[in-house]
Amino acid sequence: MESEESAQRRVKGRSLVAFAKMRNIEIEKDYAEISANERHFVRFFEADNMNRSQYDNVPLYDKDAVRLLPCSGVSDFVHASKVITSAGEGGYYIIAQTPLVNPSKPRIDTQYNWLRMLWEFNVYVAVCLVNLGHESECDYYFNRSRGETYKVSNFEITTLDVGTDVNWCWTYYRLKISRKEGKKRYERVIQLVDDPRFSPMSYKDLSDLLNFVWSLENDSASQRRAQHGSVGERSVLHPTLVHSRAGMNRAGTYVAASIFGRRMSGKHTRTLSLNRVVKVCKSLRSARYDILNRRSQFLLLLETILELAVRSGVVNEKDVGRARDVLRRVRDEIGKTRAKGGPSR
């Protein structure tokens, strides 16, 4: 019998010799994509680093993690992640867990490393999304009384001024290394008045807070330019520190809204796109483990972005009315599910 010719014989393929001679650029690119999304937690599980964290089940990615300068006899670990936006148009942030202040064993006090982070990374504005002073959340890492000085190792924190708005209070203090004359920084900490665990922020509250913090950031930058000049100011990054107890939902929502709001207020990105929102959230999740994992926080983020878009003139109130109604209905459904004992996510 006459056998049929295999169809495979007629398929054109690249010979091994030709493949071997091919430039390896594409091969390297393909291989890089395979491992691009890998995330590791090696440092989190080293030594006592887990005991320097609020939770054992919230690890810290090695990539994008804040790493302190080497210091004899002191750990370089702090549970915080760096977020640098493209071309800096959305800002520069550090997302962190609250420091452990006089914790119960086996947890380890991290006040000193927290202050080292503020100092080494040139932080001038901190947004505190926890109920400071509440034992289960975080104790104060500075003194709230005007004129008082609080000491942690070689750091001196002197409170210069305090103030209260409707939904938040702020503290203006001087951070100084006691053994270095002339070395000092001026910090601004914004703290919520109400306990966010029991009194969640509305999108209007979050929008107000964002605008208030942006004004503080601009004011702080103006002071530094006056002191160091515009060239010296541009040469150093000054991240805004945003922290909640775990550094996941409250902090993630704030940073995502801030990134998007800053981009909308810029000259080149005055658009409203859900794809852009998702892209920002994905970039944050690649930098910090399990961030923005609650639907309720994602809804708050979307509501806040709509509010910021209206305030910045990207859209008008009539254009977003229907979208607000949809988000409100979804939020109501989540509330009903919680009331029935369903998942809170």
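The values are calculated or read from the model by the stated rules, or taken from the named source; none is laboratory data. None of the values given here were measured: they were computed from a predicted structure. Please note: Cβ atoms are built from the backbone with ideal geometry, for glycine as well, and neighbour counts cover all protein chains shown.
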*Could you say whether any residue in segment 59-76 is more than 19 Å from the chain's Cα centre (by Cα), closer than 22 Å to Gly252 by Cα and surrounded by fewer than 21 Cβ atoms within 10 Å (Cβ to Cβ)?*
no
*With segment 223-341 as the region, which helices (runs of 4 or more DSSP H) entirely inside it contain at least 2 residues that are modelled with pLDDT of 85 or more and within 30 Å of Ala65 (Cα to Cα)?*
249-265, 274-287, 295-311
*asked:* So for segment 119-128 (the condition being touching an Asp or Glu at 6+ places or on another chain (Cβ under 6 Å) and assigned to a strand (DSSP E or B)), does at least one residue qualify?
replied: yes
*Could you please give the count of residues in segment 151-173 that are under 29 Å from Asp205 (Cβ atoms), outside any loop (DSSP other than H, G, I, E, B) and not polar (S, T, N, Q)?*
10
*farther than 24 Å from Ile94 by Cα and either modelled with pLDDT under 85 or not small (Gly, Ala, Ser) (or both): does that describe Thr158?*
no
*Return yes when Ser178 is surrounded by fewer than 14 Cβ atoms within 10 Å (Cβ to Cβ), in contact (Cβ under 8 Å) with a residue 40 or more places away in the chain, more than 27 Å from Asp208 (Cβ to Cβ) and of a type in the set (Gly, Ala, Ser) and no when it is not.*
no
